[in-house]
Structure formats: structure tokens, C-alpha cells
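Every number here is computed from the coordinates shown, using simple stated rules; none is lab data. Treat the numbers as computed from the prediction; the structure is a model and nothing was measured. FYI the Cβ positions are ideal-geometry reconstructions off the backbone, even for glycines, and counts take in every protein chain you see.
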Amino acid sequence: MESKPQEFESLVLTITPELHDLRIDKALATVEKIGTRSQAARLIQQGLVRMNGRVLKPSYLTVTGDVIDIQIPITITSVLVPYELKLTVPYEDEDLLVVNKPAGLVVHPAYGHAQDTLVNALMAHTSDLSQGFNEQRPGLVHRIDKDTSGLLVIAKNEEAQRFLALQFQNKTTHRLYRALAFGKFAEESGRIESFLARHQEDRKRVASTTEDKGKRAATHYKVVGYHPTGISLVELKLETGRTHQIRVHLSESGHPIVGDNTYGAAKRLKGLKSVHLRKVIEDLPRFALHAMELGFVHPRTRETMRFRAPWPRDLMPLIEHCEFPLYDLEHVVEIVSRV
């Protein structure tokens, strides 16, 4: 039998000033569909990373304005395999479960992460997952970025999935994030609204655009702490749920999230006067964004439930350095109201 030829997805990465003078594998790791330097190195070794038709070597250092062509092998996995990973599950019943996703864990299968995702870990945790709208995403109602930590609700049956999905669609869920961002805000609270779409030159990024080209996105923010070295603790409530919404809105407001080099954090890091603070930030494994609170109406009991997740350990060195409040040190589950 003749084998089917390998299929590829083509991506283009335009090197921005934030990615200037990096090893090519480190620059490629900022692309969401690649995600890690090991996956980037594999693509480079296979000759799938080129510039002007020339295969790039692993030692290549990027230059602002470089246009990198990337070919990503398309792997279609029809059978999901359980992944043994200890999950933090603050709540579970016959209809749903709430999981506190760690940073670095991809939510559903994608290139380079065919069987080591949250979905695979959920399959190892329980045999009861809704098949939902996509066989590769059983139980999923919403998602958060790979390098964002925090709360997700997972459906165990079709009725629960439909009921929960409708709440997200109608924007009646409670979703509260906390972030550590650069700079002091001029206003202690406010609302940021714009229309978001993929960046025209750098497809891994999202940017504000005109109404006819993008989707409306609105974020409410409240500054709940400030450290004089130049870091703000911000509470963010989503009015809409667009890709990279919080990251883009804070960056375009002049306050990129600490560690979010895709959206301008590297440049702001260089401007910090405190050498110790710079070292603390450089040691962070990801950007400082955490989905701390999640609330919804339970599909069976119709109770309004609210969950709160403590700061993850990987962000604690920065939290403690800036002496920001720790909030609750344990997971909190509340019944806000009953029908």
C-alpha cells in the first residue's frame, strides 16, 4: 500500500524588536503552535525552518525584520490516549469538574502535544467526559493559554456541556484574572475596549484593529497593588473572551504583563533599576497571568457557584518580592446563591 505523503502547515514569523538577537530556537518557541525550544529545535533539525529559501542553522541569531518560513508537520490523531498527570481538582460531581490548570500544560491536542495535554490528563482522571463539539476536545467548554495558569470547568455529559457553553456564549459566567504588569497605571480602574484580530505581519500575535476587521473585546481592570520598583498587581474581569485579550489590552495600554515577551515585556524588563527584581523576573518560567476566579450556574442544581484558586508556586517569588497580598492560600468553593 502506498503511504500517504506528509502534510504540512505553513507559518510565517516576522522578527519584532522584542525577538531581536535571539537564537532561532528561542524565537520559534514564542509561536503558540510550537510552544517549546525542544519542539523548535526538532523543526530546525528537520530543515523545516527557512529564510529566503535557505535552511537556518540552530546557531542563527535573529535580526529585526527577518521573515522566517516554518513548515509544521500536521499530525492527525484519531485516538486520544490517557496521560497520567496529577491534576488539582478543587471540585467534582456527576456533571462537571473544576480543574486548576498549571502553566505549561496545553489544553487540547496540537502540534508537538498530541498526547500530553489537559484533555489527555482528564481522560486518565475520569471516564466520564462529554464528547461535546469536537472529538479531540472532550469535556471542554472554554480554554486558557498554555502559559496561563488557573481555573477551567469541564463537562462530564452532553447536557452539562450545552448548559455551560451557553453561559460562556451569553457572557454570564464570572471570570476574574490577576496579572503582574509593568508600570504604574494612570487610573486605578477602567475599561479597555478594542477590536482584535491576528497581527497582519506577525501571525502568532493579536492586535487591535478597525471594527470591520476585528472582533469586539472588552476588559475591565482594577489596580489592587503597586510596588515602587515598577510592578502593578492588576485584577481583570473579562466582558468578552478573545484570544490573548488580556495580554493585548494591557500591552497596548503601556503595561505589558511581566514575562510576556511576545507583547513587549522584554523591553520593559531592561528598564527596571532593581537588579534583584530583574533576576527574579528572568527566572520566571512564563508570564504572570493567573485565572484566579471562575463562576457559573450549575447545570443540574441551578446553584450559582464560584471558585477561587491561590497563586501558583512558580509566580510566588515575584509576589513575595513585591510584597503583594497572597489572598487565600487554599482553593475556595462557594455557593453564591441557590434557586
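With an 8 Å cut-off on Cα pairs and a minimum separation of 6 or more residues, tell me the relative contact order of the range 171-339 in percent. Please report the intermediate quantities before stating the final value.
Numbers: 331 pairs, mean separation 39.2, N = 169.
Relative contact order comes out at 23 percent.
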Viscosity 1.306 mPa s, 10 °C: Kirkwood-radius Stokes-Einstein D of the range 8-73 over Cα pairs, µm²/s: 140
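Counting only helical runs of four or more DSSP H residues, what would the 222 nm mean residue ellipticity of the chain come to if each run contributes -39,500 (n - 2.57) and the total is spread over all its residues?
Numbers: 8 runs with 62 residues, N = 339.
Theoretical 222 nm ellipticity from helices: -5000 deg cm²/dmol.
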30 Å tail of the calculated P(r), the chain, as % of Cα pairs: 40
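Which FRET efficiency value, to the nearest 0.05, is calculated for VAL67 and GLU252 with the Förster distance at 35 angstrom and r the Cβ-Cβ distance?
On the way: r = 24 Å, r/R0 = 0.67.
It comes out at approximately 0.90.
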Extension gain, THR88 back to PHE195 (0.36 nm per residue minus Cα-Cα distance, nm): 35.0 nm
Charged-residue dipole, Cβ positions (Lys, Arg, Asp, Glu), the range 8-73 about Cα centre, Debye nearest 20: 260
Reach of LYS222 by Cα under 21 Å, taken over lysines that are not fewer than 8 positions away in the same chain: LYS171, LYS184, LYS237
Partners for LYS270 among aspartates and glutamates (Cα-Cα distance below 16 Å; same-chain residues under 8 apart left out): GLU18, ASP21, ASP260, GLU282, ASP283
Whole-Å distance, taken between Cα centres, linking the range 249-306 and the range 17-72: 25
Net length gained if the chain between LYS171 and LEU284 were fully extended (0.36 nm per residue, minus Cα distance): 37.5 nm
Paramagnetic label zone (point 7 Å from Cα along Cα-to-C-beta, ARG216; backbone N under 14 Å) in the range 238-272: 239-242
Flagged links, alpha-carbon separation over 29 Å, of LYS204/LYS279; LYS204/LYS273; LYS57/LYS215; LYS57/LYS86: LYS204/LYS273; LYS57/LYS215; LYS57/LYS86
Over the chain, relative contact order from alpha-carbon pairs under 8 Å, at least 6 apart, %: 14
